[in-house]
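Every read-out reported here was derived from the displayed coordinates using simple, explicitly stated rules and does not represent laboratory data. Note that the structure is a prediction, hence the values are computed from the model and not measured. Note that we place each Cβ from the backbone using ideal geometry, even for glycine, and neighbour counts take in every protein chain shown.
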Amino acid sequence: MTLDAQETNTTARAGLNGQAPRCNHVDLLPAVEHGLPECQGCLALGRTWTRLLMCLTCGWVACSDDSQGGHAKAHYEETDHPVVAVLDPGSTWRWCYVHQRLV
């Protein structure tokens with residue numbers, strides 16, 4: 001067993017073959033349906049968005065960080081809902097705001 005500076009078992013946290021530790025937020029996600037495919041925040045401000053993300057906790061849809069509004073991240077900051085997915089058919093892209101990485 002390997003311990004880090006906080007004496008936490010790092011072996012238990014490690015992913016396969018040196019990968020980053022598994023994001024346990026993914027395991028806690030309920031099955032949700034997404035809202036309308038539009039960013040309400042951007043629509044209210046008369047802006048357009050680059051990409052839409054869906055909150056995998058509640059289904060709320062908002063623009064990504066590379067859009068002018070960054071409303072998906074603002075939703076995370078308000079609600080602590082950690083994981084979003086891109087709202088593109090067939091995409092498996094998911095981001096965890098807590099771990100700041102793809103999951």
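Report, in debye and to the nearest 20, how large the dipole of the stretch 18-102 comes out about its Cα centre when Lys and Arg carry +1 and Asp and Glu carry -1 on their Cβ.
Values: 6 positive and 9 negative charges, 42 e Å.
Using Cβ point charges on Lys, Arg, Asp and Glu, the stretch 18-102 gives about 200 debye.
Considering the stretch 20-103 at the alpha-carbon level, its Rg and Dmax are found to be 12.2, 40 Å.
Computed 3J(HN,Hα) for the stretch 42-49, one whole-Hz value per residue from the Karplus formula 6.51 cos²θ - 1.76 cosθ + 1.60 where θ = phi - 60°, is 5, 4, 5, 9, x, 9, 10, 10, glycine and proline marked x.
Within the stretch 79-103, list the residues whose amide N lies under 14 Å from a label point set 7 Å along Cα→Cβ of Arg51. Answer for the stretch 79-103: 84-97, 101-103. Straightening the chain between Asn24 and Gln68 buys 12.8 nm, computed as 0.36 nm per residue apart minus the Cα-Cα spacing.
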